[in-house]
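The values are calculated or read from the model by the stated rules, or taken from the named source; none is laboratory data. The structure presented is a predicted model; accordingly, all values stated were derived computationally and were not measured. Cβ placement follows ideal geometry from the backbone for every residue including glycine, while neighbour counts extend to all protein chains displayed.
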Amino acid sequence: MLSNTSRWFTYLTGLLYAILGFLLFFLPEHFAPVFAWKVTPFMTMTIGGWCIGNAWLAWITARRWQWSLVYSALLYLWLFGLGELLVLFNFRDKLVLVHPIAWLYFVTLIVNALTAIIGFIDWLRIRPKLASSNPAFSMGQYAATAAFIIFVGFLGLYGSTAKAGSPGTNGGIFPEIMSPFTLRSFGVFYLTLSLAVIPYLWNRNLNAILHHSIASYGLIVFITIAAFVYLRLFDFAAKPGGLLYFIAYLAVGIPLISVFRNLGTGVYA
């Protein structure tokens with residue numbers, strides 16, 4: 001497995017995300033006006049949901065800390081930190097680092113990126129193996145994984161490349177108009193979710209994908225809660241695409257409850 005230095009940096013990243021996520025998720029109306037760039041309370045609460053989800057993912061992954069079990073969760077966390085930091089760099093002229101909450105977001109991403117760099121160096125040095133005696137998942141699970149990669153990857157690529165005013169960016173799916181800054185941040189989030197799962201197209205390790213699923217479940221739960229809190233912003237009659245926002249999370253989150261009940265949440269190899 002990777003070094004203890006990498007493990008403790010993963011814990012530290014989770015702690016910072018937990019603090020940041022708690023503030024943004026539970027006090028979105030307060031922190032939206034002073035965030036790192038122009039966002040609405042709903043966007044702020046959603047970003048807070050990402051952060052709480054990342055905190056849970058980092059904690060349970062560092063707790064289990066076996067490469068063949070947790071590698072894809074680490075891959076997501078590393079790509080997320082590096083990707084979102086790149087977004088900040090690309091929109092540095094729009095970045096407003098005045099309020100402590102903005103600095104906390106910035107510092108959290110820096111620590112996340114350092115965790116990624118340390119982890120990648122560890123991987124190059126140690127080259128931990130993915131081989132294990134775990135069972136492989138079924139063809140149905142394989143098909144569901146491939147569908148997830150394609151659908152979420154499309155959302156990520158679109159959000160990472162679409163221009164303001166493109167279909168879906170003017171309240172067609174997400175109920176508020178997104179600035180290019182926010183659109184890229186959302187795009188990177190979805191893209192990293194997809195990229196982290198790609199290794200399962202050839203490494204069909206059931207316990208590893210179960211761990212990835214439970215580690216990512218906080219993202220589903222808290223982002224969905226944020227959407228229900230701001231349900232009043234959705235106009236399903238005029239903009240039915242908003243239903244896709246709910247369906248995308250519920251279609252993954254609800255079946256996973258049955259999966260966890262029947263198959264567990266991943267065990268050590």
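Based on this model, can you work out whether Leu74 counts as free of Cβ contacts under 8 Å to residues at least 40 places away in the same chain, surrounded by 14 or more Cβ atoms within 10 Å (Cβ to Cβ) and of a type in the set (A, V, I, L, M)?
It is false that Leu74 is free of Cβ contacts under 8 Å to residues at least 40 places away in the same chain, surrounded by 14 or more Cβ atoms within 10 Å (Cβ to Cβ) and of a type in the set (A, V, I, L, M).
Output the residues belonging to region 17-43 that are surrounded by fewer than 23 Cβ atoms within 10 Å (Cβ to Cβ) and either β-branched (Val, Ile, Thr) or within 30 Å of Leu124 (Cβ to Cβ) (or both).
Ala18, Ile19, Val34, Thr40 - these are the residues of region 17-43 that are surrounded by fewer than 23 Cβ atoms within 10 Å (Cβ to Cβ) and either β-branched (Val, Ile, Thr) or within 30 Å of Leu124 (Cβ to Cβ) (or both).
Taking region 220-267 only, how many residues are surrounded by 13 or more Cβ atoms within 10 Å (Cβ to Cβ) and touching a residue at least 24 places away in the same chain (Cβ under 8 Å)?
30
In the set Thr61, Thr115, which member is of a type in the set (S, T, N, Q), within 22 Å of Arg184 (Cβ to Cβ) and buried (at least 24 other Cβ atoms within 10 Å of the Cβ)?
Thr115
Just give me the residues in region 58-77 being under 10 Å from Thr13 (Cβ atoms) and either under 11 Å from the mean Cα position of the chain (by Cα) or small (Gly, Ala, Ser) (or both), in sequence order.
Ala58, Ala62, Leu77
How many residues, within region 157-174, are of a type outside the set (A, V, I, L, M, F, W, C), surrounded by fewer than 16 Cβ atoms within 10 Å (Cβ to Cβ) and at pLDDT below 75?
Selection size over region 157-174: 2.
Give the number of residues within region 62-84 that are closer than 13 Å to Thr192 by Cα and not charged (D, E, K, R).
Residues of region 62-84 that are closer than 13 Å to Thr192 by Cα, as a first pass: 72-84.
Now drop any that are not not charged (D, E, K, R), which leaves 72-83.
The number of residues fulfilling the criteria is 12.
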